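Quick notes on the structure that follows.
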Amino acid sequence: GSIVAYALGLALALLRRSPVAVVRTATWAFIEFIRSTPLLVQIFFLFFVLPSVGLKFDPLITGVIAIGVHYSAYTAEVYRAGIEAVPAGQWEAAVALNLPVRRTWTAVILPQAVPRVLPALGNYTISMLKETPLLLTIGVLDIVGAANQVGSRAFRYVEPITIAGVLFLVLSYSASLLVRWMERRVRY
């Protein structure tokens, strides 16, 4: 889900900067629509409505797509902010050097924008991890679902749910440490 969110988010951020007004407006409308609807509704739409038009996916694939598309709208805004934070002089220098558009983006703009947005992207990675229990509603078994199953067998829910909470804490904290490490590494 994170990979989908980051790749699609970058594509959406670049489309928001398109010189074609229709593309810019359609991208803005898509981002705002996704950000304005709850993730659970999007999961239900992908899982229950799309099969009626012939698009049926495995519950896990549906969950990955739902989380990826949902968070791509947020990461697109993060990327957009990072791109707009690159000083105008950098754009002007690329034009003065007559760099092709692709080279301007890959060698000048994105290498400066990505380190600025890494903390926000890391926060979204942790948020995505914590949203995965929503996928239980379409049959994807995650940590909370497994804890619920164990609890229902023994009619004791405190221990399995506590262990699930501790696992989420360990995973979230590990992800935050990884993001901090990446920030330091990219900074140099």
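Here are the numbers for this structure:
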{"item": "Residues satisfying the stated conditions in the stretch 39-83, i.e. over 28 Å from Q112 (Cβ atoms), in contact (Cβ under 8 Å) with a residue 60 or more places away in the chain and among the acidic types (D, E)", "result": "none"}
{"item": "Selection count, the stretch 1-46, where residues are more than 13 Å from S72 (Cα to Cα) and assigned to a loop (DSSP other than H, G, I, E, B)", "result": "6"}
{"item": "Positions within the stretch 28-43 being surrounded by 15 or more Cβ atoms within 10 Å (Cβ to Cβ) and more than 17 Å from K130 (Cα to Cα), in sequence order", "result": "F30, I31, I34"}
{"item": "Matching option when the condition is closer than 20 Å to S2 by Cα, touching a Leu at 6+ places or on another chain (Cβ under 9 Å) and at pLDDT below 95, among L55, L60", "result": "L60"}
{"item": "Subset of the stretch 91-143 [open to solvent by 40 Å² or more (accessible area, probe 1.4 Å), part of a helix (DSSP H, G or I), without any contact (Cβ under 8 Å) to a residue 24 or more places away in the chain and aliphatic (A, V, I, L, M)]", "result": "A93, V95, A96, V101, A107, L136"}
{"item": "Selection count where residues are without any contact (Cβ under 8 Å) to a residue 12 or more places away in the chain, of a type in the set (A, V, I, L, M, F, W, C), farther than 15 Å from T125 by Cα and open to solvent by less than 90 Å² (accessible area, probe 1.4 Å), scope the stretch 144-188", "result": "3"}
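The values are calculated or read from the model by the stated rules, or taken from the named source; none is laboratory data. What you see is a predicted model, and the numbers here were worked out from it, not measured in a lab. Virtual Cβ from ideal backbone geometry, glycine too; neighbours counted across all protein chains shown. Surface accessibility is based on the protein's heavy atoms, side chains included, excluding ligands, DNA and RNA. Shrake-Rupley method; radii C 1.70, N 1.55, O 1.52, S 1.80 Å.
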